[in-house]
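The values are calculated or read from the model by the stated rules, or taken from the named source; none is laboratory data. Note that the structure is a prediction, hence the values are computed from the model and not measured. So basically every Cβ, Gly included, is an ideal-geometry build from the backbone, and we count neighbours across all protein chains shown. Each accessible area value is taken on the protein alone, full model and side chains, heavy atoms only, with ligands, DNA and RNA left out. Shrake-Rupley method; radii C 1.70, N 1.55, O 1.52, S 1.80 Å.
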Amino acid sequence: MISMYEVYKSYENGTSAIRGINLTIEDGEFAFLVGPSGSGKTTIIKMITGEVYPTSGVVSVNGFDLSRIKRRQTPKLRRTLGVIFQDFRLIDKKTVYENVAFAMYVLGKSNKEIKQRVPYVLQLVGLESRMSCLPAELSGGEQQRVAIARALVNNPQVIIADEPTGNIDPARSLEIMMLLEKINELGTTVLVVTHERELVNRFSKRVIAIDAGRLISDGMGGYYEYDEE
Amino acid sequence: MMRNRLGYYIKEGFTGIFKHGFMSFATICVITACLIIMGTFALLAINIQAIISNLESQNQIVAYIDENLPDNEAAGIENEIRRIENISTVRFVTREEAFSNFLAKYENNSLFSDLDASVLKDRYVITLKDIADMEMTRDQLISIPGIVKVNAHLEISKGFVTLRNIAGLVSIALVLMLLLVSVFIMANTIKLATFSRREEIAIMKIVGATNWFIRFPFILQGMMLGIAGSMFAYLIEWGLYYLVAGRLAVSNTFSFITLVPFDMITLPLLISFGVLGLLVGVFGSTSAIKNYLYI
């Protein structure tokens, strides 16, 4: 579960990125976080992943209080999360299998577990036949699916997708979104940050809209009405 | 779990070297080059010190014996001389031997042809452990009953001591400077090699890797690159040393220079290069990834 109570975040250069956000995302929910550039979406994601800390207020993620968390506890928090980025962030010198297995090695899982789990997850994202390929040999959509497999492999409680379709064509974007929906149906909480209005509107999910660091709308089955242009 | 992690560290350490082959190659080359430059200077300094020491040892003291002293008492003085701490070697030279040496020195000079050995005294030819204390040793020798005169080239010994001190200081300063420069260059090369992997570190962080989990393969890799660089440097240094020693041995101009045998410096050189390569590898990689760990 993710909850934010009266959260403010100001950076050292004086920028006030978040101004009093109250928000709760329950376990098993699927939510879109939308808003124009500079609205504070990335700051919210960074606060959830423990990359930045709130200036004031309470941020709680999967039982970790981010306003009090110690630096050495941050890896433990991150192990409960699966993060997907717009630019995929795959290790280009590792194969698809190694990129996914890598996330399990980090947690000290045994070779036996890794050999069982990685092919299963790759099958789930439809990449079982591309295991020995390098990222450069894959399309954008396939690379994003590898990133999803990596985010999924350790059975996280929450998947955070930061502009997951930003670098791929509309048809593949829909596939990625459907894959995230499937993952959510399997019980994982999913939070998708996106700009893509049409894509959001195709899914009848909760839409949390922010602007200038403030929550401007939050509705189940909501419609992404905000137009950046 | 621990065994699996250890296996992972070793595998990652090794594969990291080959997957980033060019940067690994560059790192090894820089470490090798820096160690060769530093090692060459250190060997040069060692040989200069050895040459000075050799020249010092040729600076002898001659202690003349009272000619009225019976032979057995004259021989007994040797034990008295040996009791002085700074004495390295003592050799008794009879007046006849000294005379024949003298004549041999002035072979073609008719001026000395009708001289007799009785004009000379029996003497002890003495070498010292440390010529810096020559004056004190001379005074101790003079105080021995039966010794009537001591010839010691104090000015020459002072000159050698000054030369040795200056050479020592200059060598230490140069080697230290080169050491600092080398460590800086080597650490920066490793930093550069690690810079290309900052994305990898960021991914590790986001999937929940602890800082030590990230550090270990890099440190291991730094250690391996450092050791490889130091081994190459040692082998090249060894080859160069034998080459120079061989050239000097057949040279007419520099035949008076005898280098310290390489066998004598093998172990210290190997240990110095190994330790330095290892430390630079470890500290270089640790400091290189430090900036990427805090996200």
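Given R₀ = 25 Å, FRET efficiency for residue B:260-residue B:163 by Cβ-Cβ distance, to 0.05?
0.90
Give the angle, between 0 and 90 degrees and rounded to the nearest 10, that separates the Cα long axis of helix A:140-152 from the longest principal axis of the Cα atoms of chain A.
With both axes taken from Cα atoms, the answer is about 80 degrees.
Within chain B, what's the longest stretch lacking GluC sites (Glu not before Pro) that sit in DSSP loops with no more than 14 other Cβ atoms inside 10 Å?
Longest site-free region, per DSSP loop and neighbour criteria: B:108-295.
What residue among B:262, B:232, B:209 has its Cα farthest toward the positive end of the dipole of region B:154-274, where the charges are +1 on Lys, Arg and -1 on Asp, Glu, each on the Cβ?
Checking the options against the dipole of region B:154-274, the answer is B:209.
I'd like the orientation of helix A:170-185 relative to chain A: the angle between its Cα long axis and the longest Cα principal axis, in ° from 0 to 90, rounded to 10.
90
How much length, in nm to one decimal, is gained on full extension between residue B:154 and residue B:188, taken as 0.36 nm per residue of separation minus their Cα-Cα distance?
Length gained, residue B:154 through residue B:188: 7.2 nm.
Might you work out the accessible area of residue A:134 for me, using a 1.4 Å probe with all protein chains in place, and round it to the nearest 10 Å²?
Result for residue A:134: roughly 60 Å² accessible.
Cβ under 12 Å from residue A:69's Cβ, residue A:69 left aside: what net charge do those residues give with Lys, Arg +1 and Asp, Glu -1?
Details: positive: A:68, A:70, A:71, A:72, A:76, A:78; negative: A:51, A:65.
That sum, taken over residues with Cβ under 12 Å, equals +4.
Using the Cα centre as the reference, give the magnitude of the dipole from point charges on the C-beta atoms of region B:60-152 (Lys, Arg: +1; Asp, Glu: -1; all else neutral), rounded to the nearest 20 debye.
Once rounded to the nearest 20, the dipole reads 220 debye.
Pop a pseudo-label 7 angstrom from the Cα along the beta-carbon direction at both residue B:290 and residue A:182 and give the gap in nm to one decimal.
Taking the simple label geometry, residue B:290 and residue A:182 are separated by 4.7 nm.
Starting from the 7 Å offset along Cα-to-Cβ, what nm value, one decimal, do you get for the label separation of residue A:137 and residue A:202?
So the two model labels end up 2.9 nm from each other.
For residue B:26 and residue B:271, what does the FRET efficiency come to when R0 = 35 Å and r is the distance between their Cβ atoms, rounded to the nearest 0.05?
Values: r = 26 Å, r/R0 = 0.73.
In this case the efficiency is close to 0.85.
If you plug each phi of region B:71-87 into the Karplus form 6.51 cos²θ - 1.76 cosθ + 1.60 with θ = phi - 60°, what whole-Hz ³J(HN,Hα) values come out, in order, with x for Gly and Pro?
For region B:71-87, the Karplus curve yields 4, 5, 6, 4, 5, x, 4, 3, 4, 4, 5, 4, 5, 6, 4, 7, 7 Hz.
If ligands, DNA and RNA are left out, what is the accessible area of residue B:212 with a 1.4 Å probe, given in Å² to the nearest 10?
Counting only protein heavy atoms, the figure is 140 Å².
Given a Förster distance of 35 Å, report the FRET efficiency between residue A:16 and residue A:171 from their Cβ-Cβ distance, rounded to the nearest 0.05. Mind dumping the intermediate values first?
Working: r = 39 Å, r/R0 = 1.12.
Once rounded, the FRET efficiency stands at 0.35.
Residue B:58 versus residue A:53, label points 7 Å from Cα toward the beta carbon: distance in nm?
Going from the residue B:58 label point to the residue A:53 one covers 7.3 nm.
Sequence gap at least 6, Cα distance under 8 Å: using those rules, report the relative contact order of chain A to the nearest whole percent.
Worked out over chain A, it gives 28 percent.
What number comes out for the charge environment of residue B:216, summing +1 per Lys or Arg and -1 per Asp or Glu over other residues with Cβ under 10 Å away?
Counting the neighbours of residue B:216, the net charge comes to +1.
Show B:138, A:172 ordered by accessible area, largest first, where the area counts protein heavy atoms only and the probe is 1.4 Å.
Descending order: A:172, B:138.
Over chain B, what is the relative contact order in whole percent, taking alpha-carbon pairs under 8 Å and six or more residues apart?
About 29 percent, as a whole number.
I'd like to know which of B:178, B:153, A:133 lies farthest towards the positive end of the charge dipole of the protein assembly as shown, counting +1 on Cβ of Lys and Arg and -1 on Cβ of Asp and Glu.
Among B:178, B:153, A:133, the one farthest towards the positive end of the dipole of the protein assembly as shown is A:133.
Probe 1.4 Å, all protein chains in place: accessible area of residue B:153 in Å², nearest 10?
Number for this one is 100 Å².
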